[in-house]
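The structure appears right after this line, and notes come after that.
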């Protein structure tokens, strides 16, 4: 009795390929990114305090240069005492040597003195003293007339920004053709206009 023949299926038998298993993408969940409780944490670094840098030598160099400059200035200084004013006294109106007062005005702040001749000119000295606590401008009109004159000689002068409690010395020239008489025989009158310094006392 003949043994049955084993039939092997051919892939191309019948013109139809055999089914090939299809590979499907894995549906396994991705690995978790959560921290593993069993993992060893990296050691934390302790902030280090700033280490002070070594002291710069610039300060020492500057100090040495300063001492050297002081020594050079001291060596180059002139001999003797420092120059300084020895007399800071403010002269009073009668300390200018103008002689005898001939007329006064503004409660004695403005004084005209006896006329005198200087180099052929007839001069009247004046002192203007600011007795207030503010800076003041003065406008002074001087009128002089001699006994032999038919008309007076009038001159105007100004003193601006006179500081408090100081005296402004000045003089006016009243020379005129008819003013040839003795200065001591002249009559003098004053008219004063006084106003505050317009810019005030700014410190």
When a footprinting reagent is the concern and you count Cβ atoms within 10 Å, what order do 163, 98 take, fewest first? 163, 98
Simple spin-label model, 7 Å along Cα-to-Cβ: residue 160 to residue 96 in nm? 1.9
What list do you get for 151, 189, 119 if you sort them by fewest beta carbons within 10 Å? 119, 151, 189
In cubic angstrom, how much convex hull volume per residue do the alpha carbon atoms of the stretch 100-196 span? 86
Hey, quick one: spin label on residue 131, modelled 7 Å out along Cα-Cβ, who in the stretch 91-110 has an amide N within reach, i.e. under 18 Å? 91-96, 101-110
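Laboratory data are not the source of any read-out in this text; all were calculated from the coordinates shown. Note that the coordinates shown come from a computational prediction; the quantities given were computed from them, not determined experimentally. Cβ sites come from the backbone with ideal geometry, for glycine too, and all protein chains shown count toward neighbours.
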